[in-house]
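The values are calculated or read from the model by the stated rules, or taken from the named source; none is laboratory data. From a predicted model like this one, the values you see are computed outputs, not experimental measurements. Quick reminder, even Gly has a Cβ in these numbers, built from the backbone with ideal geometry, and neighbours come from all protein chains shown. For the accessible areas, the whole protein counts, side chains as well, though only heavy atoms, and no ligand, DNA or RNA atoms are used. Shrake-Rupley method; radii C 1.70, N 1.55, O 1.52, S 1.80 Å.
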Amino acid sequence: MSDPLTRWSVDDYAISPLGDRVAFVVRAPNSNMAYSTKVDVYLASTQDYCRPRHLTARINGTASMPTFSSDGRRLAWLQMETPGYESDRNRVYLYTMATRESVAVAYDWDLSPQSLSWSKDDKVIYALTPNKGRNLIHSIEVGTGKRKELTTCGSAGGVRPIDEKSLLYVYSSENQSGDIHKLDTADCKPIRLTN
């Protein structure tokens, strides 16, 4: 019988739009698993067997939420950087397939995103970010790191882009249960779709 703590544990994964790659989040076995917060992102081909590429080898914190761009050319994920610090801030990292380079986007941001989704044109990443007891939607321009707060009240969840300029999300507040809203990302005006 094998000890489950000596095996790798896949925590989350994402499949590229073409199905040719899989990115997965793994907690590697080590001698101090009860205290280690090191969780890594790997990228592997689904077409043939090859050694997975370790994307977070130089970062010692927890990685989560791998998300492919719609064209499959880039991968985004959330990354804590401080080992052993479970309240560390999540930063948004991007890996580009062609260059095999990873870079932090909007590194100086003082908020800690909890989930990511790509715009349909792959120019923007939408981040669901807790702030003062609410979950707000922010946009992050991939090329510049420029951020914009898209929602300012209530709590958002289930963010799903529907085209280059709008997205759907679930809105709730202390006196309103969850309803689906459509948001124009240019003027940030939500439209309630369900009641």
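Among the listed residues His181, His138, which satisfies the condition of being closer than 30 Å to Ala57 by Cα, open to solvent by less than 20 Å² (accessible area, probe 1.4 Å) and at pLDDT 95 or above?
His138
Quick one: in the stretch 60-80, which of the residues that are part of a strand (DSSP E or B) and touching a Phe, Trp or Tyr at 6+ places or on another chain (Cβ under 6 Å) is farthest from Gln114 (Cα to Cα)?
Within the stretch 60-80, the match that is farthest from Gln114 (Cα to Cα) is Leu75.
Among (1) surrounded by 14 or more Cβ atoms within 10 Å (Cβ to Cβ); (2) within 28 Å of Asp88 (Cα to Cα); (3) within 17 Å of the chain's Cα centre (by Cα), there is one condition Gly143 misses while meeting the rest; what is its number?
(1)
Return the residue satisfying two criteria in turn: it lies in the stretch 162-178 and is under 15 Å from Trp118 (Cα atoms) and open to solvent by 20 Å² or more (accessible area, probe 1.4 Å), and of such residues it is modelled with the lowest pLDDT.
This residue is Glu164.
In this structure, does Ile137 turn out to be in contact with a Leu (Cβ under 7 Å, 6 or more places away or on another chain) and either free of Cβ contacts under 8 Å to residues at least 60 places away in the same chain or part of a strand (DSSP E or B) (or both)?
yes
Which ones in the stretch 66-75 are buried (at least 21 other Cβ atoms within 10 Å of the Cβ) and not hydroxyl-bearing (Ser, Thr, Tyr)?
Answer for the stretch 66-75, where residues must be buried (at least 21 other Cβ atoms within 10 Å of the Cβ) and not hydroxyl-bearing (Ser, Thr, Tyr): Pro66, Phe68, Leu75.
Return a yes/no flag: does the stretch 143-158 have any residue that is at pLDDT below 95, of a type in the set (Lys, Arg) and touching a strand residue (DSSP E or B) at 6+ places or on another chain (Cβ under 7 Å).
no
Name the residue that is least open to solvent (accessible area, probe 1.4 Å), counting only residues in the stretch 25-56 that are at pLDDT 90 or above and assigned to a loop (DSSP other than H, G, I, E, B).
Within the stretch 25-56, the match that is least open to solvent (accessible area, probe 1.4 Å) is Thr56.
Do the conditions hold for Leu128, that is, is it open to solvent by less than 80 Å² (accessible area, probe 1.4 Å), touching a strand residue (DSSP E or B) at 6+ places or on another chain (Cβ under 9 Å), over 14 Å from Ala186 (Cα atoms) and without any contact (Cβ under 8 Å) to a residue 40 or more places away in the chain?
yes
Would you please name the residue that is modelled with the highest pLDDT, looking only at residues in the stretch 102-122 that are in contact with a strand residue (DSSP E or B) (Cβ under 7 Å, 6 or more places away or on another chain) and loosely packed, with under 14 Cβ neighbours inside 10 Å?
Checking each candidate, the answer is Val103.
Of everything in the stretch 150-161, what is under 17 Å from the mean Cα position of the chain (by Cα) and either more than 26 Å from Val105 (Cβ to Cβ) or surrounded by fewer than 16 Cβ atoms within 10 Å (Cβ to Cβ) (or both)? Give them in sequence order.
Gly157, Gly158, Arg160
What about Asn60, is it farther than 24 Å from Pro17 by Cα, open to solvent by 20 Å² or more (accessible area, probe 1.4 Å), without any contact (Cβ under 8 Å) to a residue 40 or more places away in the chain and not hydrophobic (A, V, I, L, M, F, W, C)?
It is true that Asn60 is farther than 24 Å from Pro17 by Cα, open to solvent by 20 Å² or more (accessible area, probe 1.4 Å), without any contact (Cβ under 8 Å) to a residue 40 or more places away in the chain and not hydrophobic (A, V, I, L, M, F, W, C).
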